[in-house]
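Okay, so here's the structure we're looking at.
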Amino acid sequence: MAFVVIGAGGFGREVAWTAAEAGLDVAGFCDDDPDAGGRLAHAPFLGAIENAAASLAGGEVSFIVAVGSNKARRDLFKRAEACGWTPRSVVSPHAVIAPDAALAPGCYIGPGAVVSVGARIGSGAIVNNIASIGHDATIGDFAQVCPGAAISGGCVVGTGALVGSCATAIPGVRIGADATLGAGTVAMRDIVDGASIVRLR
């Protein structure tokens, strides 16, 4: 089965590196930007998803979407599935994952991340480098926990929510769907859907 990384930017290259560390062979990168291939060194540029689907027709294809924008990642995920591709998670061999943690297809767990007991990571979600997910926490589909962030036990990070670098959610807090907890900010209470809580300096 061919494995494709969707997104040829910096994060895409990072995910491909992690995938290689995990023993996955990257067949190529997809990106809507026709000039994106100039940034790649170790795998071919396949063009947009639909173009790649045509060139890879006849074989099974798995994918991960490596794009930072949660909305764009969701849209690209749907486009890939519409082509008959199967989402595949990439988990760094340097992450620590509890045996009973549940990882949905197409999520990314970066180097140094910790996903504790009873935690659930949704489809297309990102738990980036050295982020920590506490016991029984839920990270929704297409949510993103940025590098160094700490999600405490029992927290819920809603669908499409963004937790910035080095942000913290205390135990039991809910971060609503499509909400933002800014970098370095501490969530002491629930954040409603779509709200943005940012620490200003």
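Scan (1) 61, 34, 30; (2) 54, 40, 33; (3) 50, 34, 28 for the value of Cα extents along the principal axes in Å calculated from this model and give just the label. Checked against the structure: label (3). In the chain, the DSSP-assigned H stretches of four residues or longer account for a calculated mean residue ellipticity at 222 nm of -5000 deg cm²/dmol, using -39500 (n - 2.57) per stretch and the full residue count as denominator.
Against the chain, whose longest principal axis comes from its Cα atoms, helix 10-21 is set at around 80 degrees.
A straight line joining the Cα centroids of the stretch 63-97 and the stretch 1-44 runs 12 Å.
Where does each of 173-181, 125-133 land if you order them by average Cβ count within 10 Å, highest first? All intermediate terms of the calculation are to be shown ahead of the outcome.
Working: 173-181: 22.2, 125-133: 24.9.
Going by the mean number of other Cβ atoms within 10 Å, highest first, we get 125-133, 173-181.
State the answer as a single residue: which of V145, H94, G84 lies farthest towards the positive end of the charge dipole of the chain, with beta carbon charges of +1 for Lys and Arg and -1 for Asp and Glu, about the Cα centre. Positive-end residue among those listed: V145. Dipole size of the stretch 89-196 about its Cα centre, with +1 on Lys/Arg Cβ and -1 on Asp/Glu Cβ: approximately 140 debye, rounded to the nearest 20.
The Cβ shell under 13 Å around A53 holds other residues with a net charge of -2, Lys and Arg each +1, Asp and Glu each -1. Highest average first, the peptides 192-198, 143-149 ordered by how many other beta carbon atoms sit within 10 Å of their residues are 143-149, 192-198.
Every number here is computed from the coordinates shown, using simple stated rules; none is lab data. In this text the structure is predicted, and so the values were computed from the model without any measurement. Backbone-built Cβ (ideal geometry, glycine too); neighbour counts: all protein chains shown.
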